[in-house]
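First comes the structure, then the notes that go with it.
Each value in this text was obtained by applying a stated rule to the coordinates, not by laboratory testing. This one's a predicted model, so the numbers in the text were calculated from it and none came from an experiment. FYI the Cβ positions are ideal-geometry reconstructions off the backbone, even for glycines, and counts take in every protein chain you see.
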Amino acid sequence: MRLRHLTVVGLVVAAMVAGCETTPKSESAATELNKDCDAAIALFKKTDPKMEDKFFKTAVGYAVIPRVGKGGLILGGAHGKGQVYDQSGKLIGYTTLSQGSIGAQIGGQVYHEIIFFQDENSMRSFTRGTFEFAAQATAVAAAAGASANANYENGVAVFTVGQKGLMAEASIGGQNFTFDDVESAQKTMAKD
């Protein structure tokens, strides 16, 4: 029964964000998203300087979602847009995060999220455009030294930094991601 409710919530949230495109609508929107991602990366590195050597320099790539909005009262949802980079820090595409949940939760929050990919398989899984975290997945709250004890799980390591708000639930389980490569995104922006 609970699984059926979770599926219904997931479908409702998916329908809500289905109209949200992964690719920025214009060059100015892409520039703004890039600035937000740069600021989020700087915040992660400032919050936990060890993250630079342990993850940024060794990961095959990473996705940055600079603003994830999440809220819920029994039923919940989250949404955010971001960028995906290769190991050198070169932009390779855009991503959209969506999440639906049901259960003990109340409130709202805005946070930054970064996902590091340990190997080509995990990166390829993400860039296929239909990546999803298992229901029990959790993230490490970035803080000074937090990355020192963090490890990859199933090829990914996820960190979050709170921006504002308070919510009595902070799992990332059930997050779904879409992906558009830079070349496809540029063609889409040129049409608009």
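List of remarks:
- For the stretch 60-68, Karplus couplings with θ = phi - 60° (6.51, -1.76, 1.60), whole Hz, Gly/Pro x: 5, x, 7, 10, 10, 10, x, 8, 9
- Sequence of Asp181, Asp36, Asp53, Asp48 once ranked by neighbouring C-beta atoms within 10 Å, starting from the fewest: Asp53, Asp181, Asp36, Asp48
- Checking the cross-link pairs Lys50/Lys90; Lys25/Lys54; Lys25/Lys90; Lys57/Lys187; Lys25/Lys57; Lys45/Lys90 against a 29 Å limit on the alpha carbon distance flags Lys25/Lys54; Lys57/Lys187; Lys25/Lys57 as lying beyond it.
- Separation of alpha-carbon centers, the stretch 23-41 and the stretch 108-123, rounded to whole Å: 17 Å
- Evaluating 6.51 cos²θ - 1.76 cosθ + 1.60 at θ = phi - 60° for every residue in the stretch 83-89, the Karplus couplings come out as 10, 10, 10, 8, 4, 7, x Hz, glycine and proline recorded as x.
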